[in-house]
Structures are given as structure tokens and as C-alpha cells.
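Colleague: The following block contains the structure, expressed as C-alpha cells.
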Amino acid sequence: MEDFKPFARHSLCRDFTSRLQTLVPKHGVRILAWALMPNHFHLLIETGGSPIHAFMHDLLTGFCIRVNRDLERRGHVFMSRFKSILVERQSYLLKLVRYIHLNPVKGLAGADPMNLESFRWTGHPAILGEDDVPWQDTGQVLSMFSKIRQDAIRAYISFLGAGLGLEDEPGLEEGLFQVGRSGVVPIREVSTDQRRYDFVGVVLGSRDFAVSVVSRLEGCRRGGIRNRRSEHIALAKLLDDICRDSGIRKRELRSHRRKAGSVLARKIACVVLSRSGFSRADIGRLLGLTRQGVGWAIASYDRNKTIEAEEKITKYCSLFNEYL
């Protein structure tokens, strides 16, 4: 949040990076660049076996609980849901590495890539070999400069230094294209409301790359371009199943009653919909909950989940895909 700076405390920076050390191998992702700013962070991620939202959920849920506990506060730690942009590797990957690692010193007079204290909470020292960060993939970045490590490091330093005097390229922060039911649309032509409801994602790359993304998404439900009519029907069937199995009426699912059966059914519905790719905002609108309420339900389920509960979740996720 603009008036709250969790990463101004080194203890919380250490907590955040220790979570990355645990979760990066667990989810099979690769971190190519990163930076912790006072009130936000940047991660350049190559996804693996887990969808990006699952990795970010695991990362942020625990971290936000830790922040609020340590600082004896309540409420949001960050202003909104994390923002993700799909990147065209060849054209933009190195530019993003530079943009992210220069974030802490951009605009500062006399900034020097060799003054590592200025880059303490970034991936820059690890690329130079001055810091051991086992969860950061430095080799992939350096290999784009040279096959010889020392030559690659020198080329990287030169590339980073050249960026100190440059204006940031358009799109590095917001992306260049929105992709969705309207195909490929330049982001500058899309209103904020349209971005939220009419598009499935943001692309940083050429138009041809964005078109190829749309082609891959066509007909793909999870993370794909949504057919809201079939989705609405599938959701109604899924919630009917959950309510019937829980012994409650459908209206109780959206109520705020604390009856055990209703509470458990809401938790199950939140988890199933989250694992099926729905945002917390979408789940909240469907179930009459706030985003915080959805987060609480998922976190509560995760803390107390059992083998039997996981079997139910798996069954409901499979049913939802069948209904689609």
C-alpha cells in the first residue's frame, strides 16, 4: 500500500526471501530477476508445474500474515492482487532483468552497478557472484550474454550501467497488449474497467507474439478465454453439488451464518474455485464474500486440511471441468 512499507524492514525482507527459497523448488518455478522496493516487489518468473496464481498465493498468504502479526496491524499489506505479464523472451527478457534490478537506484545521482549495498534486496549481487541465492537462476540470464561466465558478467554490468541513463521503454511496467475475447488490443486503447472484465491477460512482446498467445488460449478453460455462458452453467451445477453434499441450501452458501456445515461448504467452494483459476474478487462476488474473506477461507482450509478433504476438492475440480 502507498502509505505502508513492509520492505523497509530488513527482517521482513529476510522473511520474504526465505519463503522464496522454500516455494521456488516446491512449485518448480525459476526466478530470473527480483527486487524488493519499500512498498512493492518485482519478480521475473519462469513458470513450471504450478500455475502462477498458486505460487503467488502460497508466497503472499504467509507473508501477509507474518507482516500483520509482527507489526500488530490488520488489513491489506499490498494495494491489490498481484499483477502478472506474459513476456516474449527474446525481445524483452534482458530488458526486464535490467529494469527490475535498477529499480532501487533509478533516478539516483551517481548510481553505480558495483555499489552492491544499493542493490542489497535484488538479484543483482547474485548474478555478479557476490551473493549466494540458491533459488535464483543466474545461469540462464548470464548465458544470454556469453558462454564464458566472466565475459558474461562483464557484459551484464555494461548492459546494466547503460540503462542508468535511459528512459524506461513503454510497456515494461504495464505490458503492451491485452488478450481476450476481443483478440489482441494495444493496452493504451483499453480502459481500466475493460482490462479487468474483458481480457484474460497482459502481454509484453510483439503483436505476432500476442496473437500466438490468443491462439494457444482458444478453447482453453483454465487461464484461457472464458465462455461465460458455459461457465455460469457449470458454476451453478458445481455449487449445487457442494450444497447437496454438505446438507445445506444454496442460499446458505452466500449467507454469513456460522453454522458448521455452511462454513465448511464456503471453504470448500473457495478452494475449488481458486484452484480452477478464479480470482479472489470473482469468488467473492459469487459467494457474497470480500476478497479478504475468500483469503481467510482458503488459508483456514489449508491449515486444517485432511486427506478426506483433499479428495473432495479433487472430485469437485474434476466435476467442474466436466460441466464445462
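The values are calculated or read from the model by the stated rules, or taken from the named source; none is laboratory data. Predicted, not measured: the structure shown is a model, and the values here were computed from it. Cβ placement follows ideal geometry from the backbone for every residue including glycine, while neighbour counts extend to all protein chains displayed.
Colleague: Quick check on my filter: what residues within segment 154-200 are modelled with pLDDT of 80 or more and at positive phi?
Modeller: Gly171, Gly175
Colleague: Can you tell me which residue within segment 116-138, out of those that are part of a loop (DSSP other than H, G, I, E, B) and in contact with a strand residue (DSSP E or B) (Cβ under 8 Å, 6 or more places away or on another chain), is surrounded by the most Cβ atoms within 10 Å (Cβ to Cβ)?
Modeller: Result: Gly123.
Colleague: Now for a separate question. With Gln140, Gln136 as the choices, which residue is in contact (Cβ under 8 Å) with a residue 60 or more places away in the chain, touching a Gly at 6+ places or on another chain (Cβ under 6 Å) and among the polar types (S, T, N, Q)?
Modeller: Gln136
Colleague: What is the one condition in (1) of a type outside the set (A, V, I, L, M, F, W, C); (2) assigned to a helix (DSSP H, G or I); (3) over 21 Å from Ile45 (Cα atoms) that Lys147 does not satisfy?
Modeller: (2)
Colleague: Pro113 - would you say it is touching a residue at least 60 places away in the same chain (Cβ under 8 Å) and part of a loop (DSSP other than H, G, I, E, B)?
Modeller: No, not satisfied.
Colleague: For the structure I just gave you, tell me whether Met37 is within 14 Å of the chain's Cα centre (by Cα) and among the hydrophobic types (A, V, I, L, M, F, W, C).
Modeller: Spelling it out, it is not the case that Met37 is within 14 Å of the chain's Cα centre (by Cα) and among the hydrophobic types (A, V, I, L, M, F, W, C).
Colleague: So, one more: Given the conditions (1) surrounded by 15 or more Cβ atoms within 10 Å (Cβ to Cβ); (2) among the aliphatic types (A, V, I, L, M); (3) modelled with pLDDT under 85, and given that Val24 satisfies all but one, which numbered condition is not satisfied?
Modeller: Among (1) surrounded by 15 or more Cβ atoms within 10 Å (Cβ to Cβ); (2) among the aliphatic types (A, V, I, L, M); (3) modelled with pLDDT under 85, Val24 violates only (3).
Colleague: While we're here: Looking only at segment 288-324, which residues are of a type in the set (Ser, Thr, Tyr) and within 12 Å of Lys267 (Cα to Cα)?
Modeller: Ser300, Tyr301
Colleague: Whether any residue in segment 51-65 is surrounded by 15 or more Cβ atoms within 10 Å (Cβ to Cβ), hydrophobic (A, V, I, L, M, F, W, C) and over 13 Å from the mean Cα position of the chain (by Cα) is what I want to check.
Modeller: Within segment 51-65 (the criterion being surrounded by 15 or more Cβ atoms within 10 Å (Cβ to Cβ), hydrophobic (A, V, I, L, M, F, W, C) and over 13 Å from the mean Cα position of the chain (by Cα)), the answer is yes, since at least one residue qualifies.
Yes/no matrix, rows are residues, columns are (1) in contact with a helix residue (DSSP H, G or I) (Cβ under 7 Å, 6 or more places away or on another chain); (2) surrounded by 19 or more Cβ atoms within 10 Å (Cβ to Cβ):
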position: Leu253; (1), (2): yes, yes
position: Gly293; (1), (2): yes, no
position: Glu310; (1), (2): no, no
position: Lys315; (1), (2): no, no
position: Ser318; (1), (2): no, no
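Colleague: Please list, ordered by first then second residue, the pairs with beta carbon atoms under 6 Å, 6 or more apart or interchain, first in segment 31-57 and in the same structural domain as Thr17 (by TED's automatic domain parsing) and farther than 15 Å from Lys106 by Cβ, second aromatic (Phe, Trp, Tyr) and part of a strand (DSSP E or B).
Modeller: Here the result reads Leu43/Trp34, each pair linking segment 31-57 to a residue that is aromatic (Phe, Trp, Tyr) and part of a strand (DSSP E or B).
Colleague: Further question: What pairs come out if I take residues in segment 4-22 that are more than 14 Å from Asp70 (Cα to Cα) and pair them with residues that are not in a helix (DSSP H, G or I) whose C-beta lies under 6 Å away, six or more apart or interchain?
Modeller: Listed pairs, sorted by first residue: Leu20/Trp135; Gln21/Trp135.
Colleague: Something else now. Return the total of residues in segment 23-63 being aromatic (Phe, Trp, Tyr), over 20 Å from Gly75 (Cβ atoms) and part of a helix (DSSP H, G or I).
Modeller: 1
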